1. For the list (1) within 13 Å of the chain's Cα centre (by Cα); (2) open to solvent by 30 Å² or more (accessible area, probe 1.4 Å); (3) in contact (Cβ under 8 Å) with a residue 40 or more places away in the chain, I need the number of the one condition that residue 208 fails.
2. If you go through region 24-54 one residue at a time, how many are open to solvent by less than 30 Å² (accessible area, probe 1.4 Å) and either among the polar types (S, T, N, Q) or within 18 Å of residue 171 (Cβ to Cβ) (or both)?
3. Scan region 377-409 for residues that are among the acidic types (Asp, Glu) and assigned to a helix (DSSP H, G or I) and jot them down.
4. I'm told residue 199 meets every condition in (1) of a type in the set (D, E, K, R); (2) open to solvent by 30 Å² or more (accessible area, probe 1.4 Å); (3) assigned to a helix (DSSP H, G or I); (4) under 17 Å from residue 344 (Cα atoms) except one. Can you identify the failing condition by its number?
5. So, in region 165-191, how many residues would count as being touching a residue at least 24 places away in the same chain (Cβ under 8 Å), more than 18 Å from the chain's Cα centre (by Cα) and within 22 Å of residue 403 (Cβ to Cβ)?
6. The conditions are (1) in contact (Cβ under 8 Å) with a residue 24 or more places away in the chain; (2) surrounded by fewer than 16 Cβ atoms within 10 Å (Cβ to Cβ); (3) over 30 Å from residue 395 (Cβ atoms), and residue 139 fails exactly one of them. Which is it?
7. I'd like the full set of residues that are open to solvent by less than 20 Å² (accessible area, probe 1.4 Å) and closer than 21 Å to residue 152 by Cα, limited to region 11-23.
8. Restricting to region 294-352, count the residues that are in a loop (DSSP other than H, G, I, E, B) and buried (at least 21 other Cβ atoms within 10 Å of the Cβ).
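The values are calculated or read from the model by the stated rules, or taken from the named source; none is laboratory data. Bear in mind that the values here come from a model prediction, so they are computed numbers and not experimental data. As a convention, Cβ positions derive from the backbone with ideal geometry for all residues, glycine included, and neighbour counts pool all protein chains shown. Remember, those area values only see protein heavy atoms, side chains included, never the ligands or the DNA or RNA. Shrake-Rupley method; radii C 1.70, N 1.55, O 1.52, S 1.80 Å.
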Amino acid sequence: MALIVQKYGGTSVGNPERIKNVAKRVAKFHAQGHQMVIVLSAMSGETNRLIALAKEISPNPSPRELDVVISTGEQVTIGLLSMALEEMGIKARSYTGGQVRILTDDSFTKARILDIDGDNIRRDLDAGAVVVVAGFQGVDEAGNITTLGRGGSDTTGVALAAAIKADECQIYTDVDGVYTTDPRVVPEARKLDTITFEEMLEMASLGSKVLQIRSVEFAGKYKVKLRVLSSFQEEGEGTLITVEEDKNMEQPIISGIAFNRDEAKITVLGVPDKPGIAYQILGPVADANVDVDMIIQNVGHDGTTDFSFTVNRPDYDKAIKILEGVQAHIGARAIQGDRTMAKVSIVGVGMRSHPGVASRMFRTLAEEGINIQMISTSEIKISVAIDEKYLELAVRVLHRAFGLDQAPV
């Protein structure tokens, strides 16, 4: 008997038939004596539909009111799954994020969880019920509905598992685990049996869509045992995300390749080469809640320098507008941008003990005529910004160059 949190994504609850299938799976675990907390996303496509609906009313809707609208998708699925379980004779209770009291800050559309009150959940579990919780949402101190950003249901699942000290958090999705890269781009991509939190964190932050980055952060911080499984397969162990790397076997140099198509580059030309200039450029951008990724400051020349950085493509226009507003103040000659960038990253804890990884990556890309515009590194990853049109080619050749299509010996 175990306390298990299961999270099901939008495709897993995409229609009434799939919701009934989830109910059958949950019933099987419940029959084995496990206590079950189920976290659900909205039906696939529903959040996009609700956003489009809001945009028809207002091109730039108030973030508070947008959260009121887009949080309703999960309310539908939790009610339907609870009905499906009760039809099978299983006691079930659904809760919105506010009813659980998932307390967040007030950053509408991308709120962060501050605290979770697990009392209601524990009481229902002790009474033999399956608890069904809406993912992706919470409430702030003032009682306003908030949402956690794209993929936020993963974060809800892991945070709940941490709050109620669950034995395992299982993330059910439309893939059967974590792959060396996206199989839609590289058909030879392999499923990994295990991956470290460190590697998964890098993969998630660099564009791998299997898990939301904050859910991996939560799991690593609170040592939540996390497993990724397919909701469309009855069998399979999925991928276990572990705190420690497997010491019993030779660690592969590279575990996976992540990529992100939604990159844009901004260059601020001819700014004074003096202390504090980076803050004067990036401070206003950060104040507008725009995340900055790669940063390059060129060598100064004649007292000026050029400063380049990347942002997510949806934030590009906002960042350009902010910089145009402070251009005169920071003394910049001009502001240029390119919204057709992509980022490709290789990730692996094995990099720590294997020199020459960067040179092999750069040589592989050079042999295909792919120009690297920006580079960013950490202890276990190397990322490059390239022209978006070369993205899939870059992923394929790197996957082959690092032998990721070969099963580990």
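1. All conditions are met except number (2).
2. At the first step, the residues of region 24-54 found to be open to solvent by less than 30 Å² (accessible area, probe 1.4 Å) are 25-27, 33, 36-42, 47, 50, 54.
Checking the rest, the ones that are also either among the polar types (S, T, N, Q) or within 18 Å of residue 171 (Cβ to Cβ) (or both) come to 25-26, 36-42, 47.
Total meeting the criteria: 10.
3. Start the filter on region 377-409 by keeping residues that are among the acidic types (Asp, Glu), which leaves 379, 387-388, 392, 405.
If the condition is that a residue be among the acidic types (Asp, Glu) and assigned to a helix (DSSP H, G or I), then 388, 392 are the ones that fit.
4. (2)
5. Within region 165-191, the subset touching a residue at least 24 places away in the same chain (Cβ under 8 Å) is 165-182, 185-186, 188-191.
Cutting the leftovers down to more than 18 Å from the chain's Cα centre (by Cα) gives us 165-168, 185-186, 188-191.
Still in the running and within 22 Å of residue 403 (Cβ to Cβ): 185-186, 188-191.
The total comes to 6.
6. Result: residue 139 passes all but (2).
7. Narrowing region 11-23 to residues open to solvent by less than 20 Å² (accessible area, probe 1.4 Å): 12-13, 19, 22-23.
Once the filter is applied, which keeps residues that are open to solvent by less than 20 Å² (accessible area, probe 1.4 Å) and closer than 21 Å to residue 152 by Cα, region 11-23 yields 12, 13, 19, 22.
8. Narrowing region 294-352 to residues in a loop (DSSP other than H, G, I, E, B): 298-300, 302-303, 331-333, 348.
Then drop every residue that is not buried (at least 21 other Cβ atoms within 10 Å of the Cβ), which leaves 332, 348.
Total meeting the criteria: 2.
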